[in-house]
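Contents: one structure, followed by commentary.
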Amino acid sequence: QIRSHPVTSYTGLFDLAKKVAVVTGGAGFLGKHFCRGLAEAGASVVVVDITATEVSAIVAEINEKRPGRALGVVADVTQPAEVQKITADAVSHFGRIDILLNNAAGKGRDLDQYFAPFEEYSLEQWREVMAINIDAMFLMAQAVGRQMLKQEDGGSIIQTSSAYGIMGPDNRIYEDSWYLNRQINTPAVYSTSKAAVVGLTKFLATYWAKNNIRVNALVPGGTESGQNEIFQQRYGARIPLGRMANAPEIVGAVLYLASDAASYVTGHCLVVDGGLNAW
């Protein structure tokens with residue numbers, strides 16, 4: 001039986017000092033905020049992304065404020081050999097891994113194909129998105145989980161899903177809605193891959209519970225990142241709080257799930273959506 005430790009400070013439960021976190025998609029729109037937050041909470045952070053210049057920028061920013069706290073690893077998390085290198089580099093540099101934020105996601109190389117109607121969606125595009133959105137999560141969880149088992153003192157794995165992984169999109173809000181200089185939608189491959197994240201999370205939570213490895217899903221709602229005003233207004237009208245999220249508002253949920261404050265939380269979907277799924 002796994003026994004809990006006595007609490008000496010409730011606020012101290014949120015302290016991530018001496019913890020090592022690996023964040024995939026760590027230089028992305030949300031990922032860089034997650035890396036900053038984990039570092040501020042005391043963790044050493046391995047920033048993993050596919051673009052070297054973006055990785056270098058966030059690593060330099062963190063290390064300027066907290067010297068030695070961040071390590072950058074440029075890697076394609078869909079490739080097993082590169083995933084093994086991420087884990088090896090993290091352990092070689094920091095000695096261990098306590099937290100995995102399985103956060104990387106993508107749209108593929110062709111945005112026209114990504115936003116194509118369901119009736120015309122290609123299997124090639126479907127598989128390309130699935131490779132990054134769910135296959136890479138499997139590979140990262142497997143590699144880091146194996147390392148956590150060696151350490152024999154547990155860990156926390158957080159996997160980024162989406163509100164559209166637990167509910168369907170309201171396609172009415174996408175009329176005249178633009179992002180990245182094109183009209184957008186939520187394709188089926190996105191919803192399906194994000195639903196798969198929830199399934200993988202629940203499986204791993206029960207599979208590794210005996211090893212005190214907690215596995216939870218982060219479920220953010222729509223986050224403001226340059227969508228046009230029409231989209232923001234229509235999306236906001238679907239939200240009890242009346243607006244899209246700002247990226248920093250998602251960080252607190254990550255810090256909670258990563259910390260000992262969530263020591264009895266596993267297999268959970270922490271929804272941060274302004275109340276969307278309550279309506």
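The values are calculated or read from the model by the stated rules, or taken from the named source; none is laboratory data. Here the structure is a predicted model, which means the values were calculated and not measured. In this analysis, Cβ positions are derived from the backbone assuming ideal geometry, glycine residues included, and neighbour counts consider all displayed protein chains. Just so you know, the surface numbers come from the protein's heavy atoms only, side chains and all, with ligands and any DNA or RNA stripped out. Shrake-Rupley method; radii C 1.70, N 1.55, O 1.52, S 1.80 Å.
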Heavy-atom accessible surface of the stretch 157-236: percent carbon and sulfur, 1.4 Å: 51 percent
Helix-only mean residue ellipticity at 222 nm for the chain, each DSSP H run of n ≥ 4 adding -39500 (n - 2.57), per residue, nearest 500: -11500 deg cm²/dmol
Principal semi-axes in Å for the stretch 17-138 [√(5λ), Cα gyration tensor, largest first]: 29, 15, 11
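What number, in nm² with one decimal, is the all-direction average of the projected area of the convex hull of the alpha-carbon atoms of the stretch 31-89? Before the final figure, lay out the partial values.
On the way: hull surface 15.0 nm².
Averaging across all directions leaves 3.8 nm² for the Cα convex hull.
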Computed label-point distance, nm, for sites Ala209 and Ala237 using a 7 Å Cα→Cβ extension: 4.4 nm
Listed residues Phe231, Ala245, Val215: farthest to the positive end of the dipole of the stretch 206-260 (Cβ charges): Val215
Euclidean distance of C-alpha centroids, the stretch 188-254 and the stretch 34-61, integer Å: 20 Å
Overall dimensions of the stretch 103-222 by Cα: Rg and Dmax, Å: 16.3, 53
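For the stretch 1-102, give the percent of accessible area contributed by carbon and sulfur heavy atoms, probe 1.4 Å, rounded to a whole number. Walk me through the numbers on the way to the answer.
Working: 2730 of 5180 Å².
Carbon-and-sulfur percentage of accessible area, whole number: 53.
Gain in length, Gln183 to Ala88, computed as 0.36 nm per residue apart minus the alpha-carbon separation, to one decimal in nm?
Numbers: separation 95, 0.36 × 95 = 34.20 nm, distance 4.13 nm.
30.1 nm is the gain from fully extending Gln183 to Ala88.
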Inter-part distance where the stretch 10-29 and the stretch 105-177 are each reduced to a Cα centre, Å: 21 Å
Residue (of Gln183, Ala41, Gly274) at the positive-pole extreme of the chain, dipole from beta-carbon charges: Ala41
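Hand me the GluC sites (Glu not before Pro) from the stretch 126-202 located in a DSSP loop with no more than 14 other Cβ atoms within 10 Å, in residue order please. Kindly include the intermediate steps, with their values, before the conclusion.
Working: sites: Glu128, Glu152, Glu175; in loops: Glu152, Glu175.
Here the sparse-neighbourhood loop sites are Glu152, Glu175.
For the chain, what does the accessible surface come to per residue with a 1.4 Å probe? Please give it in Å².
Value for the chain: 49 Å² per residue.
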About the Cα centre, charge dipole magnitude for the stretch 167-279 (Lys/Arg +1, Asp/Glu -1 at Cβ), debye: 360 debye
Nearest-20 debye value, the stretch 1-157 charge dipole, Cβ charges on Lys, Arg, Asp, Glu: 840 debye
Heavy atoms of Arg182: accessible area, 1.4 Å probe, square angstrom to 10: 60 Å²
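Using the Cα centre as the reference, give the magnitude of the dipole from point charges on the C-beta atoms of the chain (Lys, Arg: +1; Asp, Glu: -1; all else neutral), rounded to the nearest 20 debye. Spell out each step's value before the answer.
Working: 24 positive and 27 negative charges, 186 e Å.
In total the dipole reaches around 900 debye.
Looking only at the chain, where both bridge partners belong to it, what percent of the DSSP beta bridges are antiparallel (to the nearest 5)?
Working: 2 of 30 bridges.
If we restrict to bridges inside the chain, about 5 percent are antiparallel.
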Spacing of the two label points (7 Å from each Cα toward its C-beta) at Ser225 and Met167, in nm: 2.0 nm
Lysine pairs with alpha-carbon atoms under 20 Å apart, the chain, spacing 8 or more or separate chains: 13
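Please give me, ordered by residue number, the chymotrypsin sites (Phe, Trp or Tyr not before Pro) of the stretch 181-274 that lie in loop per DSSP and have at most 15 other Cβ atoms within 10 Å.
Details: sites: Tyr190, Phe203, Tyr207, Trp208, Phe231, Tyr235, Tyr256, Tyr264; in loops: Trp208, Tyr264.
Sparse-neighbourhood loop chymotrypsin sites (Phe, Trp or Tyr not before Pro): Tyr264.
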